[in-house]
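The structure appears below as structure tokens.
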Amino acid sequence: MSGIDLSVFPARQIRDAIASGEFSAREAADAAYERIDALDSDVHAFLQLTPELAYAAADRIDALRAAGEDLPSLAGVPAGIKDNMNLVGTRTTCASRILGDYESVYDCTAVRRLLDAGALPIGKCNMDEFAFGSSTENSAYGPTRNPWDLDRVPGGSSGGSAAVVAAGMASISLGSDTGGSIRQPGALTGTVGLKPTYGRVSRYGIVAFGSSLDQIGPFGRTVEDVALTLEAIAGEDAMDATSSPEPVERYSEALGIGAKGLRVGVVRDMLAAEGCGEEIRAVVDQAAETFAALGAEVGSVDLPNAKHGLAAYYIIGPAEASSNLARFDGIRYGHRAAEATDVLDLYMRSRAEGFGPESIRRIMLGTYALSAGYYDAYYGQAQKARTRIIEDFRAAFERFDILLTPTTPEVAFRFGEKVDDPYTMYLNDYYTIPVNLAGNCAVSVPSGLCTTTGMPMGLQIIGDYFAESTLLRAAAAFEEATGFDSVPPLVKALGVAKGGE
Amino acid sequence: MAKDRLAEVLARYEAVIGLEIHTEITASATKMFCGCPVAFGGEPNTRVCPVCLGLPGALPVPNQAAIEWTVLAGLATDCDIALASQFHRKQYFYPDMPKDYQISQYDLPFCSGGSLEIEVGDEGGYRTTVGITRIHLEEDTGKMVHVGGSEGRIAGATHSLVDFNRAGTPLMELVTEPDIRTPEEARCFARKLRSIWLALGISDCNMEEGSMRVDANVSIRPRGATELGVKSEVKNMNSFKALHDAVAYEIVRQADVLDGGGRVVQETRHWDAGARRTSGLRSKEEAHDYRYFPEPDMVPFAFDPEWVDSLACRLPELPDARRDRYIAAFGLPKHDAALLSAEYAQACFFEEAVEIAGADRAKQIANWMLGELAARLNADGAEIADTRIRPPMIAEIVALVEDGAISGKQAKDVFAEMAETGDAPGAIVEAAGMKQVSDTAAIEAVAAAVLEANPNEVASYRAGKSGLIGFFVGAVMREMRGQGNPQVVNDVLRRMLEG
């Protein structure tokens, strides 16, 4: 037994403990795999474990330490990687049958940067197929369960990445967020999940869903872990023409400043949304009080067009997805139907066999929306709504530094509750989607447990373009004031062996 | 097909022809959206990477040089250059297209609204202007190889292989207005465009290897009608002659259909150069829905007008300007000037030779190039870059003749040897002891001996058979092993015989 509990060690302390010789990077990897052995048969957060890669990375860190070299920022920190990111030596399945045996032949830039910062790649995390979903129930390989309540979903689409952090099977993880796929599972699992500004993190090597919406971002148990991880993965990339040359700030160094003087806007009109529970609504009011107590100037703001976000998103997202998923055709890689009579038949059979129902639904939606005669009515209108939402945010950020909403309208739901009703499933992303459409940044921070269900609730803090530093500073102040205990009962039942704090 | 048959059809019908010309930007070192090299051929699937193979997660990054070449092409053909432009995705499934969409341009091409004036026919021909609708940039597809069928075509094939070496090569598509009226105009336009692309250095424009591909949209309508007829799109013409012949065939074919009371079907037709006919490929009556939408993997382009101006400064002398300069500066006949300026490599060859030989010998250089050299290239089916003859050799051979060192006849022998060996003309002349003798005293000595040896012929000549002069010249040249200056020999003999 390694005797190390990743549920209590933040990333920086792991690195420092390795640097000081308190334990080795190999032992940090051991801690991750021991926790996985104990819990993942129930949680099912990983689709593939990669101990060869993790221990090879750990050995490099231990060799650096033995040679007396400086250790990088995430040295020896166990990390999970969502299964839509390429990493040589792994399969990248996107939780789909169509890529079931697809072996990566190159590295995703963000993953490469994470590993260059010394993180240990523990495994590839479960997700909704091609990131279509809010519960991981759309994984072709079975859902992930919420470590806070195994009968409930962990959120999605990055449900696996959220669950591995919540359960202490890794300290940090990478997810991707197209409409809320990091923030929503972050809220549902009591973890911190950040969607960076569009262009802040390279998209090279992540299997595209909605190219104009997708961003890779980190999960962590603490705001500092998320800040450290963002520092490692952010920055311009010659392989992604939409990555920004904006310099990467030292986000982790601005965290202690506090919230004094921050102008905080509560997005008042969105709180009246369909399906938003009373207690969730109260989260935002309590947060506003917290910020006021910390010396922030708190006010109210409306985003009158944000209510069109869901409709616009379900045009633009599927339109781009229908195009991005065309390449999975059975010709060069991935699933190919065994019996086909000609090339058209090969395409149709391979795709019908390879894609799950939600993927097929989105491909059909997107194909329809882009079809001749419908383009203006759907895609054109959606782009107009998108422009309006961008203008709403621009106006709001003239008055405020950060905005507050709930992350989700409700806490984690039970399996099967929404799977037959796509619309209420889609409603789960009501608060998160407008941010993807506008392209700015947002983070979900745990804001306490629901008194009736005992499930975590999340506060969404929204920042302006490339204002991650302000965003994380506010999140850190809120985190400190809230004092959320991020360890779920399931983990506590294992008995905490050795903490870092 | 008989020419008069076409003339007869065109007397009754007006042909309306538009061209779509795809040109691979072979001047670009790398592909359109990745760092793979642009080159013809190679072992299949060796010039590929995650981007041009469309692997999951790979992203396109636009090639700035290719965009600059496209803008240059637009500037050279009088187009408006869009300051706001972007790529779109054109979506359809085909195994040679790795992403099952092609990154192309839709409503915001880099260049639009241009025109090109062409001259049709030689002296006594006419000029006409063809509108250029647009020039846009896209990525080329891979190549399919169909195995088991006839001639590599898909019909009857048992399976197909795909080579992605070509996939992602920058491909410039120019679309003309339907301003072209005859097969000859189509040929002239394509030729002229090729000469401009070559002068710009955009592409090697090799029609056989497919780096320049010309498709023609052809329809006909009764003379005087204003409504357009139904068009067919003719493909697979890999030479200018094929373009001309395919368009001519198509015009007559459509006339036969209409004359027979039928109707022309909108379709794509394939030119078979062997059978000299077009055949239908697939019906376009059900138009493809390509579901174009803005390419989200790249931000839209916003160009600075100063950037466009700086590119305009990079424009080289274009073929028409070059032709006019040859006429003005060197006094070349228009026909010669046009021929020399049309091919960029040939024009460079010519100018290098003139640089060495001097402008006053430009005409002689042009004569050699359009005469002996052209005949030789034609016979070998070679390009000017392929021969061993270099510009300094032509300059030297002209100088040898002009300075009277060798005769015109000798020069032709020297040229032939030069073409074989690549040796310099001076060296060939020297090695063969071929120097022309113009020294009057030396020629007089030989002539005197010839006259003495042939008293009967001398008597006949003096009696009036002046035609015998050729006999004496021949005899003197033989004695001098061909090195006598024919003019001097002639003069000396006449003086001695008549004096």
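Figures for the structure shown
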{"quantity": "Sole exception among (1) more than 14 Å from chain A (Cβ to nearest Cβ); (2) in a loop (DSSP other than H, G, I, E, B); (3) buried (at least 20 other Cβ atoms within 10 Å of the Cβ); (4) in contact with a Ser or Thr (Cβ under 6 Å, 6 or more places away or on another chain) for B:LEU137, by number", "calculated": "(2)"}
{"quantity": "A:TYR368 more than 30 Å from A:PRO434 (Cα to Cα) and in a helix (DSSP H, G or I)", "calculated": "no"}
{"quantity": "Residues of segment B:343-360 satisfying the condition of being open to solvent by 40 Å² or more (accessible area, probe 1.4 Å) and more than 14 Å from B:ALA374 (Cα to Cα)", "calculated": "B:TYR344, B:CYS348, B:GLU351, B:GLU352, B:GLU355, B:ILE356, B:ALA359, B:ASP360"}
{"quantity": "Residue match in segment B:110-123 (condition: touching a Ser or Thr at 6+ places or on another chain (Cβ under 8 Å), within 14 Å of chain A (Cβ to nearest Cβ), open to solvent by 10 Å² or more (accessible area, probe 1.4 Å) and not hydroxyl-bearing (Ser, Thr, Tyr))", "calculated": "no"}
{"quantity": "Close pairs (6 angstrom Cβ cut-off, 6 or more residues apart or separate chains): more than 13 Å from B:PHE349 (Cβ to Cβ) and surrounded by 15 or more Cβ atoms within 10 Å (Cβ to Cβ) in segment B:361-379, at pLDDT 90 or above and not charged (D, E, K, R) anywhere", "calculated": "B:ARG361/B:VAL398; B:GLN364/B:VAL398; B:GLU372/B:PHE415"}
{"quantity": "Residue check for B:GLU250: within 22 Å of B:TYR106 (Cα to Cα) and either open to solvent by less than 60 Å² (accessible area, probe 1.4 Å) or in a strand (DSSP E or B) (or both)", "calculated": "no"}
{"quantity": "Subset of segment A:240-267 (residues that are in contact with a helix residue (DSSP H, G or I) (Cβ under 9 Å, 6 or more places away or on another chain), outside any helix (DSSP H, G or I) and either free of Cβ contacts under 8 Å to residues at least 40 places away in the same chain or away from chain B (no Cβ under 14 Å) (or both))", "calculated": "A:VAL248, A:GLU249, A:ARG250, A:GLY258, A:ALA259, A:LYS260, A:LEU262, A:ARG263, A:VAL264, A:GLY265, A:VAL266, A:VAL267"}
{"quantity": "Condition check for B:HIS335: modelled with pLDDT under 95 and under 19 Å from the mean Cα position of the chain (by Cα)", "calculated": "yes"}
{"quantity": "Evaluation of A:ALA326 against (1) in contact (Cβ under 8 Å) with a residue 12 or more places away in the chain; (2) open to solvent by less than 10 Å² (accessible area, probe 1.4 Å) (one fails), failing number", "calculated": "(1)"}
{"quantity": "Output for segment B:90-105, where each listed residue is assigned to a loop (DSSP other than H, G, I, E, B) and within 11 Å of another protein chain (Cβ to nearest Cβ)", "calculated": "B:TYR92, B:PHE93, B:TYR94, B:PRO95, B:ASP96, B:MET97, B:PRO98, B:LYS99, B:ASP100"}
{"quantity": "Lone unmet requirement of (1) over 30 Å from B:LYS90 (Cα atoms); (2) open to solvent by less than 50 Å² (accessible area, probe 1.4 Å); (3) assigned to a loop (DSSP other than H, G, I, E, B) for A:PHE397", "calculated": "(3)"}
{"quantity": "Sole residue being over 29 Å from B:LEU311 (Cβ atoms) and touching a His at 6+ places or on another chain (Cβ under 7 Å), chosen from B:VAL230, B:VAL147, B:VAL218", "calculated": "B:VAL147"}
{"quantity": "Complete set of residues in segment B:70-89 that are open to solvent by 40 Å² or more (accessible area, probe 1.4 Å) and part of a strand (DSSP E or B)", "calculated": "B:ASP80, B:ALA84"}
{"quantity": "Matching residues in segment B:461-481 - criterion: being open to solvent by less than 30 Å² (accessible area, probe 1.4 Å) and either among the polar types (S, T, N, Q) or part of a loop (DSSP other than H, G, I, E, B) (or both)", "calculated": "B:MET480"}
{"quantity": "Some residue of segment A:275-297 being buried (at least 17 other Cβ atoms within 10 Å of the Cβ), within 14 Å of another protein chain (Cβ to nearest Cβ) and part of a loop (DSSP other than H, G, I, E, B)", "calculated": "no"}
{"quantity": "Residue in segment A:112-120 that is more than 21 Å from A:ASP237 (Cα to Cα), assigned by TED's automatic domain parsing to the domain that holds A:ALA234 and open to solvent by less than 10 Å² (accessible area, probe 1.4 Å) present", "calculated": "yes"}
{"quantity": "Residue within segment A:125-148 that is closer than 25 Å to A:GLU480 by Cα, assigned by TED's automatic domain parsing to the domain that holds A:PRO72, over 17 Å from the mean Cα position of the chain (by Cα) and in contact (Cβ under 8 Å) with a residue 24 or more places away in the chain present", "calculated": "yes"}
{"quantity": "Residues that are open to solvent by less than 70 Å² (accessible area, probe 1.4 Å) and of a type in the set (A, V, I, L, M), drawn from segment B:212-229", "calculated": "B:MET212, B:VAL214, B:ALA216, B:VAL218, B:ILE220, B:ALA225"}
{"quantity": "Cβ pairs under 7 Å, 6+ apart, first in segment B:162-174 and among the acidic types (Asp, Glu), second not in a strand (DSSP E or B)", "calculated": "B:ASP163/B:PRO44; B:ASP163/B:ASN45; B:ASP163/B:GLY142"}
{"quantity": "Residue list for segment A:209-239, filter: away from chain B (no Cβ under 14 Å) and touching a Cys at 6+ places or on another chain (Cβ under 9 Å)", "calculated": "A:GLY217"}
{"quantity": "Residues (within 14 Å of chain B (Cβ to nearest Cβ) and part of a loop (DSSP other than H, G, I, E, B)) located in segment A:173-196", "calculated": "A:THR178"}
{"quantity": "Helices (runs of 4 or more DSSP H) (entirely within segment B:323-437) containing at least 1 residues that are under 24 Å from B:ARG194 (Cα atoms)", "calculated": "B:334-342, B:344-357, B:362-368, B:374-380, B:391-402"}
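Conditions tested, residue by residue: (1) open to solvent by 10 Å² or more (accessible area, probe 1.4 Å); (2) assigned to a helix (DSSP H, G or I).
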position: A:ILE4; (1), (2): yes, no
position: A:ALA17; (1), (2): no, yes
position: A:ALA28; (1), (2): no, yes
position: A:ALA31; (1), (2): no, yes
position: A:GLU34; (1), (2): yes, yes
position: A:GLN48; (1), (2): yes, no
position: A:ALA79; (1), (2): no, no
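Quick grid of which residues meet (1) closer than 30 Å to A:GLY380 by Cβ; (2) touching a strand residue (DSSP E or B) at 6+ places or on another chain (Cβ under 6 Å); (3) surrounded by fewer than 14 Cβ atoms within 10 Å (Cβ to Cβ); (4) within 14 Å of chain A (Cβ to nearest Cβ):
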site: B:MET237; (1), (2), (3), (4): no, yes, no, no
site: B:GLY260; (1), (2), (3), (4): no, no, yes, no
site: B:ASP272; (1), (2), (3), (4): no, no, no, no
site: B:TYR290; (1), (2), (3), (4): yes, yes, no, yes
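The values are calculated or read from the model by the stated rules, or taken from the named source; none is laboratory data. In this text, all values refer to a predicted model and were calculated from it rather than measured experimentally. Positions of Cβ are generated from backbone atoms using ideal geometry, with glycine treated the same way; all protein chains shown enter the neighbour counts. Calculation scope for accessible area: heavy atoms of the full protein, side chains included, ligands and nucleic acids excluded. Shrake-Rupley method; radii C 1.70, N 1.55, O 1.52, S 1.80 Å.
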